[in-house]
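Scroll down for the structure; my scribbles are underneath it.
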Amino acid sequence: MRKKINRREFVLAGAATAGLGVGPRKAFGRAPAVQTAGVKPVVVASGNGHRSRNSDGETCVEVAFRKMTAGDDVLDSLIAGVNIVELDPDDASVGYGGRPNADGVVQLDSCCMHGPKRQAGGVGALEGVRAPSLVAKAVMDHTDHHLLVGDGAQQFARNMGFKIEADLNTDNSRRQYLEWKRRTDPGHYLNPEERLEAGIQAGLDMVAEGIIPEEEYWGTINCDGINGQGEICGVTTTSGLSWKIPGRVGDSPILGAGLYVDGTYGAAGSTGRGEANLYNLTSYLIVENLRNGMSSKDAGMAGLKRIQENTVESRLLNDEGNPSFGINFYIIDAKGEYAGVSLYESERSRYAVCTENGAELAPLEGLLQRSNG
C-alpha cells in the first residue's frame with residue numbers, strides 16, 4: 001500500500017529532486033563568495049542615524065557598528081540601530097510618534113535585506129507596532145513572503161508576539177496633525193492643479209514657519225552596513241509622507257526602491273520622494289551600477305540622473321525644468337567604500353557614517369544646484 005503524502009511533503013520532495021534546496025530557512029542555499037580582502041567595516045545612514053540616542057548616549061550608526069564589529073549578525077546590528085530612531089518619541093518621521101496619515105492614524109513601512117542569506121522581508125501600512133523594522137525581519141525569518149501589508153501585517157505581528165497599541169501618536173505628532181487639519185481640506189482629495197496649493201503646500205508652509213523640521217517632513221531612516229568579512233545588509237523604516245492618503249505606501253518597504261542589497265556587490269537605500277524612487281527602482285539601479293564596476297558615488301549619481309530624466313510632469317518641475325523635490329541615496333560597495341548623494345547640493349544636507357574612527361555627519365554630494373541657494 002502506497003503511503004499518502006500531504007501537499008507540503010510533495011512540494012519539498014519535488015524541490016529536493018530538482019536540487020532547489022527547499023527546507024527550513026537555515027538550510028537555504030549557501031551565500032556566494034564575497035570579496036573580503038581590504039574590506040573596511042562601515043555603517044552609513046540618513047542624517048537621523050546620528051541624532052537620536054539611546055540611554056547610553058549612542059546613536060543608530062554607533063550601535064550598529066559596535067554590534068557588527070563585535071561579531072553580531074550585520075542585519076541584526078543595523079536593526080538594533082534603527083530601533084533607537086523608531087522608538088524616539090521626539091523623532092516624528094519614523095516609528096513611535098511618526099507623523100500620521102490624513103485620518104490621524106500612524107501607518108508605518110519598513111523592509112530589510114540580508115545580503116549573505118539572499119533573504120528579505122517588509123511591511124507596509126502597519127499600524128500599532130512601534131518598531132516596524134522588527135516585524136519586517138520577522139517576515140523574512142518566519143514566512144515564505146517578502147511583503148505583508150495593512151491588517152494582515154498587523155495580524156502577523158500579533159501572532160509573532162509583538163505588542164499592538166491602539167495609537168502610536170505622541171502629543172507632538174498629534175499637535176502637528178491638528179495644525180495641518182486646520183490648514184487644508186480634511187478630505188485630502190484634491191484636483192491635480194490644486195495639489196501644491198492645498199494639502200502639500202500646507203505642510204511645506206509649516207516647514208517654512210519652523211513648526212516641522214525640514215528633514216522630518218520627508219523623513220525616513222535607511223541604514224546599511226558591511227563587516228570585515230564583507231557581509232552586507234540593509235534596513236529602511238519610515239512613517240511615510242506626512243499626512244498621506246490612508247493606505248499610501250511609498251518606496252521604503254519596496255525591495256529595489258527604498259532598499260536593495262546584493263551580497264556580492266553592495267547596498268543602496270533612500271530617503272525623500274518615494275514616488276520618484278518607485279518609478280525608477282533606483283536603489284536596484286544603483287546596485288546594478290556597482291555590479292558594472294562604478295564607484296559608490298558614480299553609481300549614486302547615475303541613479304539620480306535617471307530620476308531627473310524621468311521626471312516630466314509640470315507640477316513636479318521647478319522653473320528651470322528640474323525636479324522640484326528632494327531625494328537622497330546612501331551606498332556601500334563590496335570593499336566598504338561608501339557615498340551619500342542627493343538630488344540637490346545643500347550645505348545643510350548630511351548623512352551619518354560610522355567607521356573605526358567613530359561616527360560623524362558627512363556632507364551629501366549633490367547632482368544639481370538650487371537656483372536660489
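The values are calculated or read from the model by the stated rules, or taken from the named source; none is laboratory data. Bear in mind that the values here come from a model prediction, so they are computed numbers and not experimental data. Positions of Cβ are generated from backbone atoms using ideal geometry, with glycine treated the same way; all protein chains shown enter the neighbour counts.
Assorted remarks:
- Which listed residue is over 17 Å from MET68 (Cβ atoms) and of a type outside the set (D, E, K, R), from VAL353, VAL341: VAL341
- Screening the candidates GLY234, GLY210, GLY219 for the property of being modelled with pLDDT under 90, closer than 28 Å to VAL74 by Cβ and not in a helix (DSSP H, G or I) yields one hit, GLY219.
- Some residue of the stretch 342-352 being in a loop (DSSP other than H, G, I, E, B) and under 26 Å from CYS233 (Cβ atoms): yes
- Residue list for the stretch 67-96, restricted to those being modelled with pLDDT of 95 or more and small (Gly, Ala, Ser): ALA70, GLY71, SER77, ALA80, GLY81, GLY95
- Condition met for ILE254 (among the aliphatic types (A, V, I, L, M), at pLDDT below 95 and farther than 28 Å from GLU356 by Cα): no
- Test: residue in the stretch 306-325 that is closer than 30 Å to ILE245 by Cβ, in contact with a strand residue (DSSP E or B) (Cβ under 9 Å, 6 or more places away or on another chain), assigned to a helix (DSSP H, G or I) and modelled with pLDDT of 95 or more: yes
- Evaluation of MET140 against (1) within 30 Å of ARG175 (Cα to Cα); (2) in contact with a strand residue (DSSP E or B) (Cβ under 8 Å, 6 or more places away or on another chain) (one fails), failing number: (1)
- Across the stretch 309-323, the qualifying residues are those that are surrounded by fewer than 17 Cβ atoms within 10 Å (Cβ to Cβ) and not charged (D, E, K, R), and the one among them that is farthest from LEU367 (Cα to Cα) is SER314.
- ALA37 falls short of the stated requirement of being in a loop (DSSP other than H, G, I, E, B), touching a Pro at 6+ places or on another chain (Cβ under 6 Å) and either modelled with pLDDT of 95 or more or over 12 Å from ILE221 (Cβ atoms) (or both).
- All strands (runs of 3 or more DSSP E) inside the stretch 72-149 with 2 or more residues being free of Cβ contacts under 8 Å to residues at least 40 places away in the same chain: 119-126
- If you go through the stretch 245-264 and keep only what is assigned to a strand (DSSP E or B) and either over 15 Å from ASN280 (Cα atoms) or among the acidic types (Asp, Glu) (or both), you end up with VAL261, ASP262.
- Search result, residues across the stretch 307-337 that are without any contact (Cβ under 8 Å) to a residue 40 or more places away in the chain and under 21 Å from the mean Cα position of the chain (by Cα): ILE307
- Of the set (1) crowded, with 24+ Cβ neighbours inside 10 Å; (2) in contact with a Phe, Trp or Tyr (Cβ under 8 Å, 6 or more places away or on another chain); (3) among the β-branched types (Val, Ile, Thr), all apply to VAL82 but (2).
- Scan of the stretch 55-91 for residues that are farther than 18 Å from GLY269 by Cβ and β-branched (Val, Ile, Thr), ordered by number: THR69
- Answer from LEU108, LEU168 - the residue that is at pLDDT 95 or above, closer than 18 Å to GLY258 by Cα and buried (at least 19 other Cβ atoms within 10 Å of the Cβ): LEU108
- Residue within the stretch 324-333 that is within 23 Å of ALA136 (Cα to Cα), hydroxyl-bearing (Ser, Thr, Tyr), buried (at least 21 other Cβ atoms within 10 Å of the Cβ) and touching a Lys or Arg at 6+ places or on another chain (Cβ under 7 Å) present: no
- Test: GLU347 is among the acidic types (Asp, Glu) and over 30 Å from VAL135 (Cα atoms): yes
- Within the stretch 4-25, at least one residue is of a type in the set (Asp, Glu), farther than 22 Å from GLY225 by Cα, part of a helix (DSSP H, G or I) and at pLDDT below 95.
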